[in-house]
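Every number here is computed from the coordinates shown, using simple stated rules; none is lab data. Everything numeric in this text was worked out from a predicted model, so none of it was measured. A quick note on method: Cβ atoms are made from the backbone with ideal geometry, for glycine too, and the neighbour counts reach across all protein chains shown.
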Amino acid sequence: MGKALEEIRWNIKKEKEIRDEWFNSKIYEFNPNSPNIFVIDTPPPYPSGKPWHIGAAAHYSEIDMIARTARMLGFSVLFPIGMDRNGIGVERYAEKRFKISIHTIAREEFLKCCKQALDELEAEMIEIMKMLGISGDFDKYYQTDSEEYRKLTQATFIDLWKRGLIYFDTRPNNYCPVCKTTIADAELEYEEIKTKLVYIKFKVENNKELVIATTRPELLCACQAVLVNPNDERYKDLVGMKVKIPIYEREVPIMSHPIVKIEFGTGAEMVCSYGDYNDVMLFRELMLKEIIAIDLDGRMTEVAGRYAGLKVEEARERIIEDLKKEGYVVKIEEVIHNVPTCDRSHNPIEIIPMQEIYLKQLPFKEKMLEIAKELEFLPEFHRQLLINWINSITKDWPISRRRYYATEIPIWYCKKCLEPHVPEPGKYYKPWKEKAPFSACKKCGNKEFIGEERTFDTWFDSSITPLFITKYKADEKFFEKTFPVSIRPQGKDIVRTWLYYTLLRCYQLTGKNVFKRAWISGYCVDEKGEKMSKSKGNVIDPIPVIERYGADAFRFWAASESSLGYDFRASEKRFQNASLFITKLWNIARYISQFEVISNFDESKLLPADKWILSELKKVYEKCLNGYNQFNFFIPANEMREFLWNKFAAHYIEMVKKRAYGDGFTLEEKRAAIYTLHKVMKISLKLLAPIIPYITEYIWKTLYSEKSIHTEKWDDKIEIEDLTTLTDKILEFNSLVWRQKKEKGLSLKDSIKIEIPVELRIFEKDLKSMHNIL
RNA sequence: GGGUCCGUAGUCUAACGGUUAGGACGCCGCCCUUACAAGGCGGAGGAGGCGGUUCGACUCCGCCCGGACCCACCA
């Protein structure tokens, strides 16, 4: 403290020492007994590949800014770090990483591989978080695949089971033949895919021909009816007749239904089980008998005749060839089709009826809408994403998955009567390899059981993170103090999954809204505004960026590039820009550090220029706090950059340089300048501390205090006469003098004759010495 | 097809319905000026379109166009 800054620029190698000191001195430790508690439900990142998305790194930097902001506002902050380690993503990664297949390797072996893959990926993510200066608790970070976490997941299931919110049902479901599991609507991703719309001739019983357009000719074998619109004059007299399905020669009825659009295709549609959810709905409504044409491997079943055993796409190509050969095809059009695909494998899903386990969500729609309306959203406009999703829910949530690396569903079935038995909570159960904890079936008395082999949907685990971190059912006192959670930060892309499921699950379990506010950020896109993806080759690895520019520059980029909730761009140029500000800040501090800190000074002795910059600072202070109160770091980042760079450094420092050196001024005047320089510096550091924690800490400790800046609060008082109305005048006048000197070929040191405007007369002495005005 | 958000220079953005629309990065030209050439000075470059309200519109309203995202049964 009290030392001058020597080095010509900020050395990012210092970041590590500073970080070690933070963790050694435990300045971020959470105190559950504090009267002001702030709890962050940090998104546990999902390790699913390398490198970690630079947008995720930026996102975590901002979440850290939330934590640091809350501390500076006077809260004790619970900022846990977690890892979401269950589900399909890591299984697919492990399959590639170790060149194995979930379908051929033993379950136990497969789990080991997944765990190893997770540990590798996780190590890199934790390393990045630490580099970034994340002030969360790394000593006890949690993992959703830990025994403790899975125990809680299972306990919540058991609770819901006992309350009758869980049921079994066999119904057509989204099924991914690649992942070989049922998936929920929330896991669907629609992709535009080019498909062939094939026009096929059907023979009607009156020997006329009826042409039908379809994108799924391979499902001809599962066709049970042909539909036309009741108002379609062309087909009116055909309704009620039978048509023969090409190739299969089976007869199905022609029926009418208003859902059929007269203009699309030929106005006639075939209904197959199951091409899409339209078919599902029609089968139910028209009481048609389903024909299962696709099996769990995504291959055609025996009903497909000569196409049996072929994959769906192969069968489609083959049947089109055969139809052409046999003269059934009228024409083929290429259409772009929005196809539902699996969000993990990106393979088109099939609709296959299977028995799955469901969690009731339809009865909670009203309540969820209420919660969606009362929850505070930052920014407000993202509330609509949640409301839209809730309104669009039409089915309960299928929570069972035919996967391995996930939390086991704790059910055993009686081997004789198949009655399901659910154990008592408090233990982590693995029914696929453990003996049932029951002596006899409660229904038939049989003594043998079969363990459930399926696991939960990942979202069933990750939707209780706020309960896990507040020690729900584990530490009642702690839970009471920390629940509900102050803030849920997350990206806008997972509003329909993570946010919705968390609100639903926590409401079902606690009867309450779990969050005070939701903080929703936009996507990080590339320099052209396009989504980053490995296939496009525009992915940026965050590690080299942080190594080259430092964590502060990285964080300043994340904070200053776009306002809360909007998408923001990443590029080399942008990182450079951010690092320029870090350098500027360093140089300002370096200049000021040559003067001894004056802590006590009678502010009535300040000169007008000092009062002017302090009143500018006062204004900026209010704006920054306003931004911080909304956890919108874009505001303080840009306000501070503008203030420090374009007002404080460019004008105030230049105005008082001579005075600070004591060149032609009294000692008191000199001291006034130095006092002001330090006061502005000190407060500016505090205003930047949550965004750029390393450099602010270093300057702070070098100049002002032995204690960390991150233990400070924003309680500064700036009471000063407002002179900000003169700001534009000052800037204009200085520019004018600089321009004139340049035009006259004068050096800045040379004297000049120029009149100081009346309203700036109060600054006359500083202005004269600054510009050497005669 | 429906919904949400958004449209200010190449990029990021600022401005109670009243300013020659401000700044930053980038670009061009000129300058070492003792915190900083990682600096300074100067310059070129902008409201998606059409209407309406108004004395006055970047700002309010409507329509159109464009973009992003979400939802949906166009076979």
**Message:** Which residue is farthest from A:Tyr175 (Cα to Cα), if the candidates are limited to segment A:224-275 and must be within 14 Å of RNA strand B (Cβ to nearest atom) and exposed (fewer than 15 other Cβ atoms within 10 Å of the Cβ)?
**Reply:** A:Arg234
**Message:** Tell me whether segment A:509-525 contains one or more residues that are surrounded by fewer than 24 Cβ atoms within 10 Å (Cβ to Cβ), of a type outside the set (Val, Ile, Thr), out of contact with any His (no Cβ under 6 Å at 6 or more places or on another chain) and in a helix (DSSP H, G or I).
**Reply:** yes
**Prompt:** Which members of segment A:561-612 meet the condition of being more than 8 Å from RNA strand B (Cβ to nearest atom), within 27 Å of the chain's Cα centre (by Cα) and charged (D, E, K, R)?
**Reply:** A:Glu572
**Asked** If you go through segment A:373-396, how many residues are more than 13 Å from RNA strand B (Cβ to nearest atom) and either farther than 29 Å from A:Ile102 by Cα or surrounded by 22 or more Cβ atoms within 10 Å (Cβ to Cβ) (or both)?
**Response** 5
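Taking the criterion of being away from RNA strand B (no atom under 16 Å from the Cβ) and crowded, with 19+ Cβ neighbours inside 10 Å, would at least one residue in segment A:661-671 satisfy it? I'd like the intermediate steps shown before the answer.
Within segment A:661-671, the first condition is being away from RNA strand B (no atom under 16 Å from the Cβ), and the residues that meet it are A:666-669, A:671.
This time we only want the ones that are crowded, with 19+ Cβ neighbours inside 10 Å, so: A:669, A:671.
Yes, segment A:661-671 contains at least one residue that is away from RNA strand B (no atom under 16 Å from the Cβ) and crowded, with 19+ Cβ neighbours inside 10 Å.
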**Message:** Looking only at residues that are away from RNA strand B (no atom under 16 Å from the Cβ) and exposed (fewer than 15 other Cβ atoms within 10 Å of the Cβ) in segment A:174-208, which one is nearest to A:Met241 (Cα to Cα)?
**Reply:** A:Glu205
**Item:** segment A:565-581: number of residues that are touching a Phe, Trp or Tyr at 6+ places or on another chain (Cβ under 6 Å) and either among the aliphatic types (A, V, I, L, M) or free of Cβ contacts under 8 Å to residues at least 12 places away in the same chain (or both)
**Value:** 1
**Message:** For segment A:52-74, give me the residue count where each residue is outside any helix (DSSP H, G or I) and touching a helix residue (DSSP H, G or I) at 6+ places or on another chain (Cβ under 9 Å).
**Reply:** 3
**Request:** Scan segment A:5-32 for residues that are surrounded by 14 or more Cβ atoms within 10 Å (Cβ to Cβ), part of a loop (DSSP other than H, G, I, E, B) and within 16 Å of RNA strand B (Cβ to nearest atom) and jot them down.
**Result:** A:Leu5, A:Trp10, A:Ile12
**Message:** Looking at the structure I just gave you, is A:Ala637 among the aliphatic types (A, V, I, L, M), farther than 22 Å from A:Ser593 by Cβ, in a helix (DSSP H, G or I) and touching a helix residue (DSSP H, G or I) at 6+ places or on another chain (Cβ under 8 Å)?
**Reply:** yes
**Item:** Conditions (1) near RNA strand B (Cβ under 10 Å from one of its atoms); (2) touching a Pro at 6+ places or on another chain (Cβ under 9 Å); (3) of a type outside the set (Gly, Ala, Ser); number of the one not met by A:Glu654
**Value:** (2)
**Complete:** Here the residues within segment A:643-691 that are among the small types (Gly, Ala, Ser), farther than 14 Å from A:Asp766 by Cβ and assigned to a helix (DSSP H, G or I) are A:Ala649, A:Ala650, A:Ser684
**Prompt:** Has segment A:417-434 got any residue that is outside any loop (DSSP other than H, G, I, E, B) and surrounded by fewer than 20 Cβ atoms within 10 Å (Cβ to Cβ)?
**Reply:** yes
**Asked** Going by the structure shown, is A:Thr153 more than 29 Å from the chain's Cα centre (by Cα) and among the polar types (S, T, N, Q)?
**Response** no
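Can A:Lys447 be described as touching a strand residue (DSSP E or B) at 6+ places or on another chain (Cβ under 6 Å) and surrounded by fewer than 18 Cβ atoms within 10 Å (Cβ to Cβ)? Show your work before the answer.
Values: touching a strand residue (DSSP E or B) at 6+ places or on another chain (Cβ under 6 Å): no; surrounded by fewer than 18 Cβ atoms within 10 Å (Cβ to Cβ): yes.
When the stated conditions are applied, A:Lys447 does not pass them.
Looking at A:Lys471, A:Lys492, A:Lys512, which is the one that is within 31 Å of the chain's Cα centre (by Cα), free of Cβ contacts under 8 Å to residues at least 40 places away in the same chain and within 17 Å of A:Glu376 (Cα to Cα)? Spell out the reasoning first.
Numbers: A:Lys471 fails: within 17 Å of A:Glu376 (Cα to Cα); A:Lys492 fails: free of Cβ contacts under 8 Å to residues at least 40 places away in the same chain.
Result: A:Lys512 is the single residue among A:Lys471, A:Lys492, A:Lys512 that is within 31 Å of the chain's Cα centre (by Cα), free of Cβ contacts under 8 Å to residues at least 40 places away in the same chain and within 17 Å of A:Glu376 (Cα to Cα).
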**Enumeration of residues in segment A:223-254 that are among the hydroxyl-bearing types (Ser, Thr, Tyr) and farther than 16 Å from A:Glu209 by Cβ** = A:Tyr248
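What number of residues in segment A:588-614 are in a helix (DSSP H, G or I) and either without any contact (Cβ under 8 Å) to a residue 12 or more places away in the chain or among the hydrophobic types (A, V, I, L, M, F, W, C) (or both)? Lay out the reasoning, then the answer.
Of all residues in segment A:588-614, those in a helix (DSSP H, G or I) come to A:588-592, A:603-605, A:608-614.
After this cut, where a residue has to be either without any contact (Cβ under 8 Å) to a residue 12 or more places away in the chain or among the hydrophobic types (A, V, I, L, M, F, W, C) (or both) as well, the list is A:588-589, A:592, A:604, A:609, A:612-614.
The qualifying residues number 8.
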**Fill in**
(1) crowded, with 19+ Cβ neighbours inside 10 Å; (2) out of contact with any helix residue (DSSP H, G or I) (no Cβ under 6 Å at 6 or more places or on another chain) all hold for A:Pro35 apart from (1)
**Message:** Please verify whether A:Leu188 is farther than 30 Å from A:Phe283 by Cα, of a type outside the set (S, T, N, Q) and touching a residue at least 40 places away in the same chain (Cβ under 8 Å), treating the condition exactly as stated.
**Reply:** no
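Would you mind finding the one in A:Ser705, A:Ser747 that is part of a loop (DSSP other than H, G, I, E, B), under 53 Å from the mean Cα position of the chain (by Cα) and of a type in the set (S, T, N, Q)? Write out each step before concluding.
Numbers: A:Ser747 fails: under 53 Å from the mean Cα position of the chain (by Cα).
Going through A:Ser705, A:Ser747 in turn, the sole match is A:Ser705.
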**Criterion (closer than 30 Å to A:Tyr199 by Cα and more than 21 Å from the chain's Cα centre (by Cα)) met by exactly one of A:Glu356, A:Glu350** = A:Glu350
**Residues of segment A:755-771 that turn out to be over 14 Å from A:Val656 (Cβ atoms), hydrophobic (A, V, I, L, M, F, W, C) and either within 14 Å of RNA strand B (Cβ to nearest atom) or surrounded by fewer than 11 Cβ atoms within 10 Å (Cβ to Cβ) (or both), as a count** = 1
